[in-house]
Amino acid sequence: MDQRATSKAASALPIGALAELAGVGVETIRYYQRRGLLSEPARAYGSIRRYGAADMARVSFIKRAQQLGFSLDEVAELLRLDDGAHCDDARALAEIKLADVRRKLDDLRRIEDVLAALVQRCCATRGDVTCPLIAGLQSPQGRAADADGLVEASAGLRVRRSVATRRRKT
C-alpha cells in the first residue's frame, strides 16, 4: 500500500483494523494504551473509537524501536523526548542501547567459539568415548574448560540483562 493509501485507510479505523494494518494484535494496542504509549481516542455517543494516521504512526514507531532492542520503558522515554528539543537525550539513550548490544554480541561470539570447539570435539571422537559436549555440560566441577567458557559467557548475558532491567525500573 502506498503512503497516500495508507494514510487514507488509517484516517478512521476501528481498533481491529488499526491492529491489522500495524501488524499487531488488538490486545497489543490495548496494552500500549494501558502503558501510556498510545492514547485512547474519544468515543462518539453510541459509537466505537476511531484511530487515525497519528495513531498508526505511533504504533509503527513503537514497533521499530522494539525491533532495535528498546524496551517499552525506553520507548516511552523516547516518545517523551519527541519534541525536537531533546535530540542529545535521545542520542544518549541510543548510545547506551548500542553499548549494550555490543556487549551482547561479544558474549554471543564467546558462546559461538565455545560451542564450535565442543562440536569439533564431538566430530573428532569415535567409539565408546563419552560425548565431549554432553560431558562438558554435565560436569559438576566444571572440568571442561570449554563448558566453563560457555557458562561464563551465558551468565554474563543474564547478569547484564538483570542489571539493565533493574536500572530501567529505578
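Read the figures in this text as sums done on the coordinates, not as results from a lab. Here the structure is a predicted model, which means the values were calculated and not measured. We place every Cβ from the backbone using ideal geometry, glycine too, and count neighbours over all the protein chains shown.
Based only on Cα atoms, what mean projected area does the convex hull of region 50-130 have, in nm²?
9.2
With a cut-off of at most 11 other beta carbons within 10 Å, and DSSP calling the residue loop, which trypsin sites (Lys or Arg not before Pro) in region 9-65 qualify? Please list them.
Counting only loop positions with at most 11 other Cβ atoms within 10 Å, the trypsin sites (Lys or Arg not before Pro) in region 9-65 are Arg43.
What is the packing order of peptides 105-114, 70-79, taking the mean over residues of other C-beta atoms within 10 Å and listing the highest first? Each step should come with its number before you reach the end.
On the way: 105-114: 14.9, 70-79: 17.0.
Sorting 105-114, 70-79 by mean packing, highest first, produces 70-79, 105-114.
So what J values fall out for region 95-104 if you push phi through Karplus, 6.51 cos²θ - 1.76 cosθ + 1.60 with θ = phi - 60°, rounded to Hz, Gly and Pro as x?
These are the phi-based 3J(HN,Hα) values: 5, 4, 5, 4, 4, 5, 4, 5, 5, 5 Hz.
Local charge sum around Ala57 (other residues, Cβ-Cβ under 13 Å, Lys/Arg +1, Asp/Glu -1)?
+1
List the residues whose amide H sits under 5 Å from the amide H of Tyr51, counting only those 5 or more places along or on another chain, with H placed 1.01 Å from N in the peptide plane.
Those qualifying (amide H under 5 Å, at least 5 residues apart or on another chain) are Leu13.
Go through region 81-93 residue by residue and turn each phi into a ³J(HN,Hα) via Karplus (6.51, -1.76, 1.60, θ = phi - 60°); whole Hz please, and just put x for glycine and proline.
7, 7, 10, x, 9, 10, 4, 5, 5, 5, 4, 4, 4
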